[in-house]
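A quick write-up on the structure given underneath.
No value in this document is a laboratory result; all are computed from the given coordinates. These figures come from a predicted structure and were not determined experimentally. Backbone-built Cβ (ideal geometry, glycine too); neighbour counts: all protein chains shown.
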Amino acid sequence: DAKTTQPTSMDCAEGRAANLPCNHSTISGNEYVYWYRQIHSQGPQYIIHGLKNNETNEMASLIITEDRKSSTLILPHATLRDTAVYYCIVRSPLEGGGTSYGKLTFGQGTILTVHP
Amino acid sequence: DAGVIQSPRHEVTEMGQEVTLRCKPISGHDYLFWYRQTMMRGLELLIYFNNNVPIDDSGMPEDRFSAKMPNASFSTLKIQPSEPRDSAVYFCASSRRGGLNTEAFFGQGTRLTVV
């Protein structure tokens, strides 16, 4: 699996944009970038995913560099409820070549703290 | 949709006892996953099913762990006998189909404490 590197922690002021970086320099052409977050004592929550193009949904935007070696998750107007651990995941095919499912392998993530 | 439903939310048991964790996936989802989360190891994939059939159980730590999916709407993860090192939060997740372009949705987890 392509490994990801994220900062251990970040702070953001409420109402401001939170920009969470992720490096995935060994990503392959068919691997997707996924973002999940985990609020304390809850299950991981899907945020967004993308392959090459930038993506936007009601929660966030995902900006992927042209060479795909890094990406940034943007929460446009962070609130206190966005305080969570954010996981950047490169989703790879099954080992052995199968493509029927790509594992979601979670790293340590970025602890985002949104403060008043 | 109610999302992925897990029960119980909390379980405290004595070492050596059998523990059964339950999961109801989102209706219409063909894939079901069991994860375990600890402070030391983070989130680990234990096993996953496709159309009720176990596909990859390479993450199951020991023979004490077993998982079943008797039908499309129910799965169990059993630990027998349980040990203190099994204490963790166990998550179930489901997705509509396989592939790299399909998100998985997680339940709220079962916090297991083995004393």
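Relative contact order of chain A, please, whole-number percent, based on alpha carbon pairs below 8 angstrom and at least 6 residues apart.
Relative contact order, chain A: 35 percent.
For A:His40, what charge total do you get from the other residues with a beta carbon under 15 Å from its beta carbon, if Lys and Arg give +1 and Asp and Glu give -1?
Net charge around A:His40: +3.
Once you keep just the Cα pairs under 8 angstrom separated by 6 or more residues, what percentage relative contact order results for chain B?
37 percent
Looking at the P(r) of chain B, how many percent of alpha-carbon pairs lie beyond 24 Å?
19 percent
Sorted from largest down, what three extents in whole angstroms do the Cα atoms of chain A have along their principal axes?
Principal extents (largest minus smallest coordinate, Cα): 48, 32, 24 Å.
Just want to confirm a number: the relative contact order over the stretch B:41-90, from Cα pairs under 8 angstrom separated by 6+ residues, in percent.
The value is 24 percent.
Please identify the cysteines of the protein assembly as shown that lack any partner cysteine with a Cβ under 4.7 Å from their own Cβ.
A:Cys12, each lacking another Cys Cβ under 4.7 Å.
What would the Debye formula give as log10 I(q)/I(0) at q = 0.16, 0.25, 0.26 Å⁻¹ for the alpha-carbon point model of the stretch A:1-64, no solvent?
-0.64, -1.39, -1.43
Show me, for the stretch B:99-111, the HN-Hα J-couplings you get by feeding each phi into the Karplus relation (A = 6.51, B = -1.76, C = 1.60, θ = phi - 60°), rounded to Hz, glycine and proline as x.
Each residue of the stretch B:99-111 in turn: x, 7, 10, 9, 6, 10, 10, 9, x, 7, x, 10, 8 Hz.
Within a Cβ distance under 14 Å of A:Arg81, other residues only, what is the Lys/Arg minus Asp/Glu net charge? Each step should come with its number before you reach the end.
Details: positive: A:Arg37; negative: A:Glu14, A:Asp82.
Combined, the nearby Lys, Arg, Asp and Glu give -1.
Please report, in debye to the nearest 20, how large the charge dipole of chain A is about its Cα centre when each Lys and Arg carries +1 at its beta carbon and each Asp and Glu carries -1 there.
100 debye
Whats the longest run of chain A with zero trypsin sites (Lys or Arg not before Pro) that are DSSP loop and have at most 14 other Cβ atoms within 10 Å?
Free of exposed loop sites, the longest segment is A:70-116.
At 7 Å along the Cα-to-beta-carbon direction for both B:Arg111 and B:Asn52, put a label point, then send me their distance in nm to one decimal.
Output for this residue pair reads 3.4 nm.
If each residue of separation counts as 0.36 nm, what is the full-extension length gain between A:Asn19 and A:His115 once their alpha-carbon separation is subtracted?
33.1 nm
Which value, in debye to the nearest 20, gives the size of the charge dipole of the protein assembly as shown about its Cα centre, when Lys and Arg are +1 and Asp and Glu are -1 at the Cβ?
It works out to roughly 160 debye.
When Lys and Arg each count +1 and Asp and Glu each count -1, what net charge do the other residues less than 10 Å away from B:Phe74, Cβ to Cβ, add up to?
Here the count lands on +3.
Taking H as built 1.01 Å from N, whose amide H comes closer than 5 Å to the amide H of A:Ile48, not counting residues under 5 places away?
Under 5 Å from the amide H of A:Ile48 lie the amide H atoms of A:Trp35, each far enough along the sequence or on another chain.
With equal scatterers on the alpha carbons only and no solvent term, can you work out the Debye log10 of I(q)/I(0) for the protein assembly as shown at 0.09, 0.10, 0.13, 0.16 1/Å?
Log-scaled intensity ratios, in q order: -0.38, -0.47, -0.79, -1.14.
Gap in Å between the Cα centre of the stretch A:1-58 and the Cα centre of the stretch B:22-49?
Centre-to-centre distance over Cα atoms comes out at 20 Å.
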